[in-house]
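The values are calculated or read from the model by the stated rules, or taken from the named source; none is laboratory data. Because the structure is predicted, anything quoted here is derived from the model rather than measured. Glycine also receives a Cβ, built like all others from the backbone with ideal geometry; neighbour counts cover every protein chain displayed. Side chains included, ligands, DNA and RNA excluded: accessible areas come from the protein's heavy atoms. Shrake-Rupley method; radii C 1.70, N 1.55, O 1.52, S 1.80 Å.
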Amino acid sequence: MNLIIWIDSSLKASIFGLLYLDLLSIVFLFLFLIVLYWSRRNFYEELKYRTEHPEKGFEERLNLAQTNTNRAYEAAYNALLDYSRLNNNELVEQLANQQEFINTWIHEIKVPISALQLLNESVATNIPETKSAQITEEISRIDHLVEQVLYYSRLENFSNDYIIAKYSLKEIVKDVAIENMTYILNKQISFNILGTDSTILTDEKWLKFILNQLLSNAIKYTPEGGKVEFTIRTTPQEVTLSLTDNGIGIPKADLSRVFEQGFTGSNGRKQNTKSTGLGLYLASKMAKKLAHKLTLQSTEYVGTTVTLSIPHLGFYNDHDDTNNITL
């Protein structure tokens, strides 16, 4: 524009006039850019926020576009959002149906398991004692595997199925030991509960399941005539329950993966000790949900120690223990 005005003989403009015109143009351009920025700022900031927080992007549709270009972006985004929501709803419905089927199947399968237990007891006097013990052991294993499936299916809905209360830790351990007593006696394993009892805050049902997984593993991998013992220790910060056995132990290369889902390790693949790889995984997950901590130490061909750490917790306004942490 400066060049046209300068070379046009009919327009008499000085160099200072042209510079003044340029200054005004720059001012108006700057004002235009400011208005343009403020008019589109919300749209781009929302896109940036949703990019940095993908989980928030599913909460609501985008509705901030003011230009045709942005409306096209917005329409594409909302179409993908609607499609994702539809797929997610279908997936949730499928998972709910699977959950219902699994729960129904588990309750149905427990009926023939109970019937088998009763039949075995009724004919126990007519068959050799070793055979009856083997049948009892196999039925217990089936029941144990069914329990694994049940608790695995409930893992994501944990918050709907637990009650925190005060319990005697030693009494819970005794109940778990009684449930596994047949298995312990069949392998002639020496079993002990050491240490002084302590009152803990937990969910009895879920904690018993955790201990059942740990104890069944210890018995499974301990040879006949071996030793398994629980030890209770209490400190000002927590109560620890250690389960120690003198079994085959775990190879050092497998230790870092023992709590992974489906990991069986080299010992778990042996013919006489087949493993699902779910026991320690479920125990670890449930321990975390109960605010407990599960750790494991093992030496191959020496034994394994699994420790469950339970912090001292207290209900709101519970002043019985000044060291308690309120939930």
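Key figures
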read-out	value
Test: residue in region 157-165 that is touching a helix residue (DSSP H, G or I) at 6+ places or on another chain (Cβ under 9 Å) and β-branched (Val, Ile, Thr)	yes
Search result, residues across region 58-75 that are farther than 14 Å from TYR44 by Cα and modelled with pLDDT under 85	PHE58, GLU59, GLU60
Residue match in region 315-325 (condition: outside any loop (DSSP other than H, G, I, E, B), at pLDDT 90 or above and at negative phi)	no
Extreme residue, farthest from the chain's Cα centre (by Cα), among residues of region 15-57 that are within 21 Å of ARG85 (Cβ to Cβ) and open to solvent by 100 Å² or more (accessible area, probe 1.4 Å)	THR51
Those residues of region 245-261 which are open to solvent by less than 50 Å² (accessible area, probe 1.4 Å) and either of a type in the set (D, E, K, R) or not in a loop (DSSP other than H, G, I, E, B) (or both), in sequence order	ASP245, ASP254
The listed residue being crowded, with 17+ Cβ neighbours inside 10 Å and on the phi < 0 side of the Ramachandran plot, out of LEU194, LEU241	LEU241
Neighbours by Cβ (under 9 Å, 6+ apart or cross-chain): first from region 1-22, among the aromatic types (Phe, Trp, Tyr); second at pLDDT 75 or above	TRP6/ILE15; TRP6/LEU18
Extreme residue, most open to solvent (accessible area, probe 1.4 Å), among residues of region 106-127 that are over 34 Å from the mean Cα position of the chain (by Cα) and among the hydroxyl-bearing types (Ser, Thr, Tyr)	THR125
Identity of the residue in region 263-286, part of a loop (DSSP other than H, G, I, E, B) and modelled with pLDDT under 65, that ends up surrounded by the most Cβ atoms within 10 Å (Cβ to Cβ)	LYS270
Filter result (buried (at least 17 other Cβ atoms within 10 Å of the Cβ) and polar (S, T, N, Q)) within region 214-238	SER216, ASN217, THR222, THR234
Positions within region 292-304 being open to solvent by 40 Å² or more (accessible area, probe 1.4 Å) and closer than 27 Å to THR199 by Cβ, in sequence order	LYS293, THR295, GLN297
Residues of region 76-104 classified as at pLDDT 85 or above, among the hydrophobic types (A, V, I, L, M, F, W, C) and surrounded by 12 or more Cβ atoms within 10 Å (Cβ to Cβ), total	1
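A quick yes/no check of all residues on (1) of a type in the set (A, V, I, L, M, F, W, C); (2) within 30 Å of HIS144 (Cβ to Cβ):
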| residue | (1), (2) |
| --- | --- |
| LEU3 | yes, no |
| ASP8 | no, no |
| ALA13 | yes, no |
| LEU31 | yes, no |
| GLY57 | no, no |
| TYR83 | no, no |
| ASN87 | no, no |
| ILE102 | yes, yes |
| TRP105 | yes, yes |
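Yes or no, residue by residue, for (1) touching a residue at least 40 places away in the same chain (Cβ under 8 Å); (2) open to solvent by less than 70 Å² (accessible area, probe 1.4 Å):
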{"site": "GLU138", "(1), (2)": "no, no"}
{"site": "ILE142", "(1), (2)": "no, no"}
{"site": "LEU150", "(1), (2)": "yes, yes"}
{"site": "GLU156", "(1), (2)": "no, no"}
{"site": "VAL176", "(1), (2)": "no, yes"}
{"site": "TYR183", "(1), (2)": "yes, yes"}
{"site": "LEU201", "(1), (2)": "yes, yes"}
